[in-house]
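Report on the following structure.
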Amino acid sequence: PITPGELLCLGSSLAFSGLFYYLYRKKARVVASIQDAPKLQVDDNLPALVSAADGRCLPYIALEGIVLPAKAALTSHYHEGLQGVIQKLLLKEHRLIWNSLARSW
């Protein structure tokens, strides 16, 4: 005979397995779309392509081309001759709210 505790454990195990499989498949679809991203060249046609896209946004693309640094290129401390640039730096600050009950931000 199966006890109610065993049924509860079996049910919760199946529920968690289903949830984790769903999350796995969702992330696998995202990874597949990133791997199948189209490769575009940085040229004069790129702004027209972006403005023609839905919402003026391309979800996943790989850009290929030569970039120039705005000030100076970054050099690697670990590999001689390796240089890079930062295209855009985005800093997002979350709003802090004072919690008077816990006396913390």
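Couple of notes before you dig in:
- Count - residues of the range 48-88 that are over 30 Å from R29 (Cα atoms) and aliphatic (A, V, I, L, M): 9
- Put simply, of L101, L58 the only residue that is open to solvent by 100 Å² or more (accessible area, probe 1.4 Å) and at pLDDT below 90 is L101.
- Among the residues of the range 2-35, those that are free of Cβ contacts under 8 Å to residues at least 24 places away in the same chain and within 30 Å of V67 (Cα to Cα) comprise V30, V31, A32, Q35.
- Residues of the range 36-89 satisfying the condition of being free of Cβ contacts under 8 Å to residues at least 24 places away in the same chain, on the phi > 0 side of the Ramachandran plot and of a type outside the set (D, E, K, R): G55, G81
- Among the candidates G65, G11, G81, residue that is open to solvent by 70 Å² or more (accessible area, probe 1.4 Å) and small (G, A, S): G81
- Members of the range 14-41 that are open to solvent by 100 Å² or more (accessible area, probe 1.4 Å) and among the hydroxyl-bearing types (S, T, Y): Y21, Y22, Y24
The values are calculated or read from the model by the stated rules, or taken from the named source; none is laboratory data. Please read all numbers here as calculations on a predicted model, not as lab measurements. Cβ: placed from backbone, ideal geometry, glycine included. Neighbour counts: every protein chain shown. Accessible surface areas use protein heavy atoms only, side chains included; no ligands, DNA or RNA. Shrake-Rupley method; radii C 1.70, N 1.55, O 1.52, S 1.80 Å.
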